[in-house]
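The values are calculated or read from the model by the stated rules, or taken from the named source; none is laboratory data. Remember, it's a predicted structure, so these values are computed and weren't measured experimentally. Cβ atoms come from the backbone with ideal geometry, glycine included; neighbour counts cover every protein chain shown.
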Amino acid sequence: MEWVTVFVSSLFSGVIGIIISNLYHKRSVKRKQKYDLLEQLMGNRFDLKGDKFSEALNKVFIVFNDSPEVLQSLKSFHESISSQHHESDITNQRLLELFKNMCDDLKIDTRILTDSFYLRAFNIRN
């Protein structure tokens, strides 16, 4: 009878370990996808009309589908750039909100940064 108890408990602990490991791995992969996408957006913000920035922006609703704040700010930004007479101040504010919400979702501490940091890219040539 003891060997049955040892076998069942070993099997049960192994299954629990696999489940926990799989959940952790999925969460880790999802975080990496989000981080990589934010990195691509921030890295290409010097050319907001460029292909790389646009490609990354088009991926946001897929990668951040579990974050209502990011999706709402993406929707607001999309509405802003899609209107026929969009104001650059409003568009910039909505892009800023998108960047901040993505950072918040990833728990990236950005308190030290100013708003202009998000919108004005580094470009030594200028």
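Values for this structure:
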| read-out | value |
| --- | --- |
| Qualifying positions in the stretch 21-40 - under 10 Å from the mean Cα position of the chain (by Cα) and surrounded by 16 or more Cβ atoms within 10 Å (Cβ to Cβ) | K34, L37, L38 |
| Residue that is modelled with the highest pLDDT, among those in the stretch 82-126 that are of a type in the set (V, I, T), in a loop (DSSP other than H, G, I, E, B) and over 15 Å from the mean Cα position of the chain (by Cα) | I112 |
| Test: residue in the stretch 47-70 that is surrounded by fewer than 11 Cβ atoms within 10 Å (Cβ to Cβ), among the aliphatic types (A, V, I, L, M) and assigned to a helix (DSSP H, G or I) | yes |
| Condition met for H85 (closer than 21 Å to K107 by Cβ and loosely packed, with under 13 Cβ neighbours inside 10 Å) | no |
| Pairs, first closer than 14 Å to F64 by Cα in the stretch 17-33, second exposed (fewer than 10 other Cβ atoms within 10 Å of the Cβ) and among the aliphatic types (A, V, I, L, M), C-beta under 8 Å, six or more apart | none |
